[in-house]
Each structure stands twice: as structure tokens, then as C-alpha cells.
1. Return yes when Gly609 is within 30 Å of His486 (Cα to Cα), modelled with pLDDT under 90 and not in a strand (DSSP E or B) and no when it is not.
2. Considering only the range 129-170, how many residues are open to solvent by 30 Å² or more (accessible area, probe 1.4 Å) and touching a Pro at 6+ places or on another chain (Cβ under 9 Å)?
3. Could you tell me which of the residues Ala465, Ala460 is in contact (Cβ under 8 Å) with a residue 60 or more places away in the chain, surrounded by fewer than 21 Cβ atoms within 10 Å (Cβ to Cβ) and not in a loop (DSSP other than H, G, I, E, B)?
4. Tell me, which residue of the range 133-163 that is among the acidic types (Asp, Glu), in contact (Cβ under 8 Å) with a residue 12 or more places away in the chain and in a helix (DSSP H, G or I) is nearest to Leu423 (Cα to Cα)?
5. Would you mind telling me which numbered condition in (1) in contact with a Ser or Thr (Cβ under 9 Å, 6 or more places away or on another chain); (2) assigned to a helix (DSSP H, G or I) His179 fails?
6. For Thr479, are the conditions met, namely being without any contact (Cβ under 8 Å) to a residue 12 or more places away in the chain and closer than 21 Å to Tyr580 by Cβ?
7. Quick one: how many residues across the range 504-536 are open to solvent by 50 Å² or more (accessible area, probe 1.4 Å) and of a type in the set (D, E, K, R)?
8. Which one is nearest to Arg53 (Cα to Cα) among residues in the range 305-322 that are within 37 Å of the chain's Cα centre (by Cα) and open to solvent by 30 Å² or more (accessible area, probe 1.4 Å)?
Amino acid sequence: MGRPDESSDDGGVRDPGGDASRRMTGAALTRPEQAPRETLLALARAASARASRVPHPGTGTPAADLTALTDLVARTRYTADPGTRAVLLREAAGAHLAVRGAGPSADDGSDGAERLLDELVALVAENGLTLFAVDAEALLARRALLADDEESALAAATRALTQLDEQSVVDHAPTQHEHRGNLQDTYRLVAATLTSLGLNEVAQPLLTRARVIAEDDGDVLAAARCDHEHVRVLISWGLRLQRARRDGLPHLDDAARRAAELHAEPALLPADHRLLLRAALTLARRPAGEPDMYGRVRSPEEVAATARGDAAALGSDERVCPALADHLLCRLATARALTLADRRDEAAALLERVRSRQPRGEPNLLLAVSRELTHVTAEGPGAGSVPGRRALRDYTADLEHELWTLQRARVLSLTTRLAHEQLRREHGEATAQARTDPLTGLPNRRALDDVLADHLTTVATRSGAALSIAMVDVDRFKTINDRMSHARGDHVLRLVAETLRRCLRADDVVARYGGDEFVVVLPGSTEISACAALERAALAVAGVPVGDGSWVSLSVGVAGTAHSGVTPGTLLARADRAMYEAKRAGGGAVVLDAGDDAADTPSEGLAVGG
């Protein structure tokens, strides 16, 4: 949900030195189902932020925080509302991906991120949480980047942007203020993902939108978070331009100006976030004899002294940063400062250590590290001959030109995919409306025909596959309409539809067949297991009140097949025949069809409800 009590960029309450920011302990973890929602979210965000730090502080590992997050998600699965669960899943999955990106030494090799992402995707689909669906796509893109699959990452980012551009997004936030906070979080997450893909020009407007929300709400801390991430985008953008032998200094200068403004307000950001501000200032420095962004020209002695101060302020490569991107940018800035201070050997050793950790998920920044190392070693006093160095630079320039061309093609591809995805979604919405029953929201008869045909094809082509269907009729429905009203009858149909959908498996399909009849398709279920499932569902429906002191009951007919050659019409006719047997027996029963060979033999009914 939103962040009513936050005050830090790591997503949790800033609690320097407090127990909540160091360890997820106390009543919220011993009894998470009883903890206030704000406490759960704050603890989850704090743990996620700690796990995402690079390098992980001290001698420990992020395993404890990852375990605490996963446990928190598991223990609130059936007690937290869908919006709260979505935030918990997002924070936990994001932390797992961040740890995986820090390198093999930090990654525990588990599939925690995959399981959490799968659960998040299922949750947002089930509850229509379209805002958190954007978060899920952004996290799927980050997972693809970790696997060096930029094509899949780009596709997921495109889907995120398409959904984010819809007129309204849903998160089930209890207040408008929290909804706006959630929207800011989503803008920032998608922007960070796009920046990792090198799509800085697409990421920048999202951060601008997030900052507008913060300004409208008068939230200076949220505005500072947006500015901090804007600095990151501008630095990455400037470095990418420099790799392609284009002028990246305007972007680096812009980042430095924004960083200087933030640096003047130390209370707005935690100390580890402020390192990026110093990196921005450092990367905008000019060599001796070149005018800086203010037009000043410095002597070699002044440049070296400033560089030594920058290197000391940025610290060693063990200095903790809040995220991998910040860590890489700070190390690049340190290397440049050491180079300007004529300490090239130290700069090269630093960059080698960064590469040796094998970080993942930031391809453009990792390429910047490799480029910086090439320049540091090629231009040092001990480098090879002048022709050799020139050849190396020429080869690097050619490679970087190719990368620049690829980058522009990527932007074009994103634009094309975005338009295509928008058209696909619009067409899909129109198609879905034509295949959906407007009263219950279930698939209609047209959609049912396609579902049955697909599953019968599976039965015919896959050995051992089974399929069962059920015809469901609401007993005495005409009486409900006549005695109460048609509006009450519609309400009963909606309740029956919701109950059937809730009580059956996610893979089962519940469709409205017409009037007061429903059809349930149970792929992979034998007739016996289908009868048991429908008996449980009918028992649940038996608790639905009609409104006149009576309760709803169902007559259910079940038919199944594990053989090819069965048509949808044949299977529906058998289920319909069994359903009428249940009605002739007085209703409130589940009857299994005996099959074509025993069409005249009464089937045994399982009495349900009354």
C-alpha cells in the first residue's frame, strides 16, 4: 500500500540505530497476522532496503533479511488484504533480485525470486490490481536482465509502460494519499528498470511524474527521493553518451547541479544515498586547462587537490551504497578522481575489483566500468607503445559506435512495441467483452465452446490426459424470480458464480451457460475427483441465502472422458442428462453420468444441501 509514515528512500521508516531498521523482530514477526498494516509494510521495506545494499555491510550476508521477508509473506498470505500482500510480495521479490545482482558471492542460488514473482503475478490477476501488475512486469524485466536476456526484459518493460499509461490503475489503497504514494513507487521502479536497460530518455519523464505527485502532496522527502533517482538517470545517460564519443557533459553537469542542491539539504536523504551526490559532482570535473560547467579553468595542482578530496569522500569500494547502480557509479567516480590525482594504478585496481565481483543486471554501467578500465590502463605511463594505444582506442571507438547504433535501435523497438502492445490490449478488451457474461463476469457460452474444444484436443493428443465437465442448475430459480424479484434473482446468480469460482481450482473454468445454468470445465480431473470437487462447491453454495429464509441449492450433473473422438456437444449432453437426473430426484445433488453404454441406468446421486 502507501507509505504513511516513511521518511527514507529505502522504502521504510528511517530509524537510525533503532531495532526496527536493524532486524525484523518483535510482535510484528511473532504474530504478523495481528500486526497493523503500516507496521508490516514498514518492516518489509526496511528489510528489503537492507538486503539490497552493495556491498552488504559487515561480515554478514543478506540471507537473514531475505528469510524474514519470505516468512512474512508466507505468514500473512491468508490474513492480509490483497493490496498489502502485493506490496509485501513486491518488496520481497525485489530484494531477492537485488541480492542476485550483487554477484555470486551474495546470491544464495535459491529460486525465491521466481516463487515470489509467480505469486505476485497470480495475485494481481486474481484481484485486478493493475498498478501492482506494472510492478510485477518491471520486476520480471529485472529478472530477465539478470539472465542477460535483454529482449525479454524489453518486452516486460513495454508491457509495464503500456499498463501504466492506462487512464486508471487499481491498487485497493484505503486512501487517495496512499494510492498516490503507490503510484510514485511504481513510477520510480519502472524508471530504474528502464535506466538499467539504457533507456534513460524514457525513464526521465516517469520520475518527473513522480515528483509532480510529491510536490502536489507537499511531501519534500518523496520529492528528494525522486531527485536522487533523477541524478542517477542523468549520470548513467551522460556516461552512455561518452561511451559513444558524444557529448555527455551536459547531462553530467545537470546531474551535478541537482546533486549540489540536494547536498545542501543533508536531512533529506540518508548518508548512504548521499554518496551518489558526491559521485555526480566528481564525474562532472574537468581536467586541468578545461573550463568547468561554471566556466572556471583550474590549474593542475587545483585539479589534483580536488580529486584527492573527491576520492577520500567517496571512500573505498567497501563503502556501502543503497543499490548496485549507485555502487557502480560511485566506484566509477572514485576511479576518475584517482586518475585526475595521478593515481592510475589505484584506479585500475579498484575497477578490477569491481569487475571481479561479477555483478549483474546493470549492463550499461558494467560496460562503463570496462571502458573506464581500458582508458585508465591504456593511457597510463606503463602502457604500450603509442600506436598500440591508438589502435586500442580506435577499436574501442568502433565498438562503442556499434553499441550506440544498437541503443538507438532499442529505443525505436520500444516505441514500436509500445504501440503494438496498446493496440493488442485494446483489441483484447473488446474481445474479452464479447466473450464475457455481463451479469456474472464469467466466460459466456461462446468462450466456453473454445475452452472445451481446446481441452478436448489435449485429451485426444496427450496420453493419460483427462477432462471432466459439470452442468450446474440453480434449483427453484423461477420461484426466486417470481416470489422475490428479478433483481434478487440476478443477485443470487452473481453469488453462485462467485462461490463456484472461489471454491474451484485456478485451472478450472466456470462459465455461464444461460439462464440459471452454469458449466464447469475441470481439465486433468477424473469423473470421481470432479464429483468430489463439485460436491464441495455445492456445499459452499448451500450457504448462500435466497432472502426469504431459504437457501440456494444446486443440481449438478458430471460427465468425463479420457478418450479421443468426444465432441463438446456429446460431453455437454451427458452432463445435462445427469443434471436432470439430479433435478428429478428432488435437486440438491451431484450426479455422475453412467456413460453412453448405460444411458438408461440411474446414477447414484450425492446429496448436497437442501
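The values are calculated or read from the model by the stated rules, or taken from the named source; none is laboratory data. Worth saying up front: this structure is predicted, and the values here are computed from it rather than measured. All Cβ positions, even for glycine, are placed from backbone atoms using ideal geometry, and neighbour counts span all protein chains on display. The accessibility values were calculated without ligands, DNA or RNA, using every heavy atom of the protein model including side chains. Shrake-Rupley method; radii C 1.70, N 1.55, O 1.52, S 1.80 Å.
1. On the way: within 30 Å of His486 (Cα to Cα): yes; modelled with pLDDT under 90: yes; not in a strand (DSSP E or B): yes.
Taking the combined requirement at face value, the residue satisfies it.
2. Selection size over the range 129-170: 2.
3. On the way: Ala465 fails: not in a loop (DSSP other than H, G, I, E, B).
On inspection, the qualifying residue turns out to be Ala460.
4. Glu137
5. It fails just one condition, (1).
6. Details: without any contact (Cβ under 8 Å) to a residue 12 or more places away in the chain: yes; closer than 21 Å to Tyr580 by Cβ: yes.
Judged against the criteria, Thr479 is a match.
7. Of the residues in the range 504-536, 5 are open to solvent by 50 Å² or more (accessible area, probe 1.4 Å) and of a type in the set (D, E, K, R).
8. Step one: of the range 305-322, the residues within 37 Å of the chain's Cα centre (by Cα) are 310-311, 313-322.
From what is left, the residues that are open to solvent by 30 Å² or more (accessible area, probe 1.4 Å) are 313, 316, 318-320.
Numbers: Ala313: 19, Ser316: 15, Glu318: 11, Arg319: 10, Val320: 6 Å.
Step by step, filter the range 305-322, then rank; the result is Val320.
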